[in-house]
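Working notes, structure below.
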Amino acid sequence: MQPALGTQRDVSRPVVVPSQGVGGPNGGGQVSYRLLRLDIPVFPERRMFRIHDAGIDPDAPGGPLLPVGALVSTNREQLWVGSLQEHVEVRLVLEEWHGAPTVGGDGWDEEAKGKLYLRGVLSVDMGSAGPAVGALRLAGGVGDYAVRVYARNREQVVRLYHELFDRYGDPLGDEFQRARKDLECLEQYLVQLWRQS
C-alpha cells in the first residue's frame, strides 16, 4: 500500500532521542525515535477533525462527545481534535514514534493526552470534506497507543478571521478571499502517537 499524498517517511537513519524519565544517569535505557511523519492541511469541519482506527465509522453511534472549546475528545478508537473555527484549513503534523518522545511543549499553546486502540491502520477524517488520510499503516501494528496532541494559534486564527469582516466587508470579495487564504495553516497541530507495551 502506498502512503497517502504528502506523507514523508524518514529514509535516513533515525535520530535517537532519549525518552523522558527512562534510563540511568549515564544515559542508558530505552530510546525513542520517530518512525513516520505526515504533514498535511486539514479542514476542521464542524470545528474538528477526527483521527481514528481505519476500520470504524466515525459517524456511527457511540463516538466521543464534540470537543466544544476543548482540545480533544476521545473514546477507545477515536480522537476528535477541536478547532475554534471552521473556515480556514489548519496544519496537522502526525508522527508515529518508537517509544514515548521527549515532551515538546515549548512553542505550543495547548497540550492534551489520550489513548487509542488501533488495528495498525489509522484515518484522518474531515467530515463531509472526506478523508485527509484514508488508511495509513502504522509500524507499531495492532494495540493500544498513547497519544499526545499539541496546538498553537487556535484563538489567534479565530480573531484574525473575524477581523477580515471589519477590514473587507464582503466575504465573497477578492481581497477577503486572499486575506483568508493567508490564514491557512497558521493554526497548527502536532499529534504524536506510540505503541504502549
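Observations
- Note on V124, V81: ascending count of other Cβ atoms within 10 Å places them as V124, V81, the fewest first.
- Between E175 and L65, the simple label model (points 7 Å from Cα in the Cβ direction) yields a spacing of 4.3 nm.
- From phi via Karplus (6.51, -1.76, 1.60), per-residue ³J(HN,Hα) for region 50-67 in Hz, x at Gly/Pro: 10, 10, 7, 4, 5, x, 10, 9, x, 8, 5, x, x, x, x, 5, 4, x
- Listed by Cβ neighbour count within 10 Å, with the fewest neighbours leading, H87, H162, H52, H98 appear as H162, H87, H98, H52.
- For Y150, Y189, order by how many other beta-carbon atoms lie within 10 Å, fewest first: Y150, Y189
- Modelled FRET efficiency - R0 22 Å, D57 with A135, Cβ distances, 0.05 increments: 0.95
The numbers here are math on the coordinates, done by the rules we state, and not lab data. Just so we're clear, the structure is a prediction, and the values are computed from it rather than from any experiment. Ideal geometry is used to build each Cβ from the backbone, glycine not excepted, and the neighbour counts take in all protein chains shown.
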